[in-house]
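Taking it in order: structure first as structure tokens, then the write-up.
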Amino acid sequence: MDAEPTDDVSVSTFTAAGCTLVAETRGSGETVFLLVHGIGMGRTVFADAAGLLRRHGRVIAIDLPGYGEAPEPARTPAIERLADLVAAFIVERVPGRVVLVGHSMGTQVAIEVAARHPGTVSRLVLAAPTVDARARRALPQMWRLLRDLTDEHPKVILAGAREYLRAGPWLRRKFRAMLAHAPEDSLDRVRVPVLVLRGEEDPVSPRGWCRFIAESLPDGRLEEIPDRGHETMIRDAAPAVARILLFAS
């Protein structure tokens, strides 16, 4: 639980039930933007988004267990277990009004936090939600990810490659855990306002799937960002952040 401040940035760890996450905190304010990354990624990919959000509140970007600088757990956690860890972290360490922002696989974790632990968050943002029920198999998902990467900026490709390498040889097991989770089963238990964000050119999170997610929520809305793909929270996050701030206000 050691904190390492750098200017106004601090890095700490949190452990519960044998799993550890790493949290990087910057900024201040009553509103807390808690950022949860996708498969194979880590907190560093949110640098652009965090830099913009910190002007409007406290920003916490996390490394889930086995990603970024967080140690690999003895067993690969299911999405529900990751959500329990994040919820425990919020309860113990995050006072204030929490806007939970998930990207890609992080949206699955965010949905389960709100569904399994009512009262822990005030609002949800689901950016590029996964996994489309019509393609919940390894090969279709890999093909969609490759299609998205062919049009991505080198910044995104380099960041993604670095984080995928850091995710280690257990990435296949993590991928299976992601595919085994059915987010649609929990949507009706999410009792906070939800913003579903989709890059207009995202092949991984199709429009039909994102619309289904938004319409299945008790209080959900869908917004699309022009000229963006799956990594809309990573490459030039300004359009996504503008929509998040309007929603959070």
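The values are calculated or read from the model by the stated rules, or taken from the named source; none is laboratory data. Keep in mind it's a predicted model, so treat the numbers as computed, not measured. Counting neighbours? That spans all protein chains shown, and the Cβs are built from the backbone with ideal geometry, glycine included. All accessible areas refer to the heavy atoms of the entire protein, side chains included, with ligands and DNA or RNA removed. Shrake-Rupley method; radii C 1.70, N 1.55, O 1.52, S 1.80 Å.
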> Within region 39-71, which residues are within 21 Å of residue 83 (Cβ to Cβ), part of a helix (DSSP H, G or I) and open to solvent by 20 Å² or more (accessible area, probe 1.4 Å)?
Replying inline: 43
> Only one residue in 172, 147 is outside any strand (DSSP E or B) and at pLDDT below 70. Which one?
Replying inline: 147
>> Looking at the structure I just gave you, is residue 43 closer than 24 Å to residue 237 by Cβ, out of contact with any Lys or Arg (no Cβ under 8 Å at 6 or more places or on another chain) and without any contact (Cβ under 8 Å) to a residue 40 or more places away in the chain?
In response: yes
> Restricting attention to region 178-199, and to residues there that are under 20 Å from residue 248 (Cβ atoms) and not in a strand (DSSP E or B), which single residue is most open to solvent (accessible area, probe 1.4 Å)?
Replying inline: 191
> Considering only region 17-38, how many residues are in a strand (DSSP E or B) and within 16 Å of the chain's Cα centre (by Cα)?
Replying inline: 10
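With at pLDDT 95 or above and open to solvent by less than 10 Å² (accessible area, probe 1.4 Å) as the only criterion, which of 99, 91 stands out?
Values: 91 fails: open to solvent by less than 10 Å² (accessible area, probe 1.4 Å).
One residue alone meets the criteria, 99.
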